[in-house]
Amino acid sequence: MSEVAYRFMNFSEGTESQEGRWASGPSKDGKGRFEYVSEPQAMGPEVDELAPPVEPRLYSTPKQPMPSS
């Protein structure tokens, strides 16, 4: 996944994280340059369900539908 190896994708509120060493400039390994992505987009297919259901005794919260985005 070299196309994303040096990207810092900001999934937090605000942009303070772009000030860090990890968000821009040359990488420590010398093989790339860091890139800050302020509004990253999904890179995979959208799925309705993740894997088969788990053993219900592992979680005490009942399954609920996800709100639409």
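Read-outs: derived from the displayed coordinates by stated rules, not from any lab. Everything numeric here is computed off the predicted structure, so don't read it as measured data.
For this structure, a couple of remarks:
- Matching label, P(r) over Cα pairs in 10 Å bins from 0, in percent computed from the structure shown, candidates (1) 20, 55, 24, 1; (2) 15, 31, 24, 23, 8; (3) 18, 49, 31, 2: (2)
- Length gained on full extension, Met1 to Met66: 20.5 nm, using 0.36 nm per residue less the C-alpha separation.
- Overall form of segment 1-40 per C-alpha gyration tensor (a/c, 1.5; a/b vs b/c): oblate
- Look at the alpha carbon pairs under 8 Å that are at least 6 residues apart: their mean separation over the length of segment 1-40 gives a relative contact order of 49 percent.
- Backbone phi angles across segment 51-57, fed through the Karplus curve with coefficients 6.51, -1.76 and 1.60 (θ = phi - 60°), yield HN-Hα couplings of 6, x, x, 8, 4, x, 6 Hz in residue order; Gly and Pro are listed as x.
- Karplus-derived HN-Hα couplings along segment 11-24 (A = 6.51, B = -1.76, C = 1.60, θ = phi - 60°), whole Hz, x at Gly and Pro: 10, 9, 6, x, 10, 4, 5, 6, 7, x, 4, 6, 9, 7
- Close amide H contacts of Phe8 (hydrogens built in the peptide plane, cut-off under 5 Å, sequence separation of 5 or more or a different chain): Glu35, Tyr36, Val37.
- For Gly32, the residues whose modelled amide H falls within less than 5 Å of its own, excluding neighbours fewer than 5 places apart on the same chain, are Ser27.
- Phi to ³J(HN,Hα) by Karplus 6.51 cos²θ - 1.76 cosθ + 1.60 over segment 34-46, Hz, x for Gly, Pro: 6, 10, 8, 10, 6, 9, x, 9, 4, 10, x, x, 7
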